[in-house]
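Here the structure is laid out as structure tokens; the discussion comes afterwards.
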Amino acid sequence: MTDPGLPHPQPTRSFWLIDNPLSNHRTTVSLPGCADIVILGAGITGASVAYHLTNLDTEGKSLLCLDARAAAGGASGRCGGNMTNSTYRYFKYDMKKYGLDIAKKLRVFELETVSALKKLIKDHGWEKKVELREGGTVHAYLTDLEFNEAIENIEEMRNQGLGHELVIWDRLETVKKTHGEDFVGAVMNPNGSQLSPSKLTIQLLQLALKSGYFNLQTYTPVQSITPYTAESAPASIDISSLKGQPKWIINTNRGSVICSKVIHCTNGYCAHLLPQLRDCIVPVRGQMMITIPSSIPRLWPFGISINRGYIYGWQRNDNMVILGGARGEAGPELEYNCSDDSDINTAIDRKLRQFLPTHFGDMVKSPTKIMMTWAGIMGMSNDVLNLPWVGPIPGLRWEGQYISAGYHGHGMPRAFHCAKAVAQMVLGSKPDVPGWMDEMLPSKKTGPTMKDWARKEDLYKIMRIEDGLAEMERRKEEEDSDTYAEPEIKSKL
């Protein structure tokens, strides 16, 4: 894999970043010459790390956060805003291949992360500030095959004491509640939520800034990290205030910073400064759009996705619909190894514009009126469990570099507790978060490369979406010829 480089200086304009109070924030005019802990990236992970560190016993350590762009200017200001935990999908497969314990922990970790974030938001009264909506998330299905497969996974989850909160809708209920005539059924996850990801990130950063020892410096791209030696360190930097041993020199476009510990929170871009991870965490471009206000009637009070999340979206209180996904339209490469969010893929754009009139044609007429469309960069992990990389980075000259990245498109339901775990490790403790798995530690990672498996997984999704469209056309033909029969649902639980 190639070097993802630094984030593009002129990315596409995201709706989430129209109003960003920390866009150009610099806590101090000059870049500090040293800091005990340096956080790279001011997105949801970096902000969460800062929040957790300022709420743990840091013993007066100084904290510095550097970002190449504005705060929340990366994926945290460009994603879909879906804060929905993984549940039944692939449960039987995971249980068979990795064992029941891992299959359960995979679900518990995301559920507990989402629950912790919602509690934090409510404890601080941020519901309106971050536009939190708790209407659940609906996974709708176009084919009987996939719907029955979903039910089988839910049955197995319930046999293992999980998934009892999930609600299965038959075709009539799905059509009534989604206004989509093409769906054969759906599953409602009531724990699913939606919000403004950038505004949540900003709230976390602002809370950390109140500590008095957290310094945020935007538009300060890191060019390299080198081991500290007395000979290589800039003579002008006074390190007497460091609580620990100086170990690393962070070189930026505005000068250098000497520190004891570094935490990489740059997700899809982390392999730029950590070239040994270029086959481990791969940048993948995703795409979003939002409709013009008042151009769409009220459709759903919940988030919605079709065919294993291939396309997903939700409708804000002002009726603007946010849509994302459809990477299969990009061709075999699926936007893998793409770290350029300064442009969009026109084929994906067409697919997203067609989504509402195709599946909700009785409510939404073509063409869909779009206000904005933008791109963002995810970090896909080569971990066979799709798990992020969280913890100390092995194999370096000195200890003291850590990472929390590679969320595989699940940043919102993973990053907050991953950040807590890495903050605990930075301070010398073991991870203490519900559902934690040592398989997240970089030192424990094994498995095939991204090329071998993750791309095939997405190709499988693409084939299934095409199957779904074919099934939809077949069903419509049968309905027109009066031969259509309501499909038998394997189990309604």
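Summary table below
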| read-out | value |
| --- | --- |
| Three principal axis lengths of the stretch 183-282 [C-alpha, angstrom, descending] | 68, 38, 24 |
| Ranked list, fewest to most other Cβ atoms within 10 Å of each Cβ, for E156, E399 | E399, E156 |
| Residue-wise HN-Hα coupling along the stretch 236-245, computed from phi with Karplus coefficients 6.51, -1.76, 1.60 (Hz; x: Gly, Pro) | 6, 8, 8, 9, 5, 7, 5, 7, x, 6 |
| Residue (of C265, V321, N386) at the positive-pole extreme of the stretch 248-391, dipole from beta-carbon charges | V321 |
| Cβ-Cβ FRET estimate between R397 and A116, R0 fixed at 41 Å, reported to 0.05 | 0.70 |
| Cβ charges +1 (Lys, Arg) and -1 (Asp, Glu), total dipole of the stretch 208-281, debye | 220 debye |
| Taking L106, L207 and counting other C-beta atoms within 10 Å, the order from fewest to most | L207, L106 |
| Positive dipole terminus of the stretch 211-352, leading residue within Q245, S339, Q287 (C-beta point charges) | Q245 |
| Exceeding the 30 Å Cα-Cα cut-off - candidates K61/K430; K128/K430; K177/K365; K96/K445; K119/K177; K199/K261 | K128/K430 |
| Cβ-based charge dipole, the chain, positive-most Cα from A330, G255, G77 | G255 |
| Net length gained if the chain between D57 and R26 were fully extended (0.36 nm per residue, minus Cα distance) | 8.7 nm |
| Note, ³J(HN,Hα) from phi for the stretch 300-313, Karplus 6.51, -1.76, 1.60, rounded to Hz, x at Gly and Pro | 9, x, 10, x, 9, 9, 10, 6, 6, x, 4, 10, 9, x |
| Near-label residues of the stretch 10-39 by backbone N, under 18 Å of a point 7 Å along Cα→Cβ of M371 | 12-21 |
| Estimated FRET transfer efficiency (S232, K96; beta-carbon r; R0 51 Å; 0.05) | 0.45 |
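A short reminder: the numbers here are calculations on the coordinates, not readings from a lab. Please read these numbers as outputs of a predicted model, since none were measured by experiment. Heads up, the Cβs are rebuilt from the backbone with ideal geometry, glycines too, and the neighbour counts pull from every protein chain shown.
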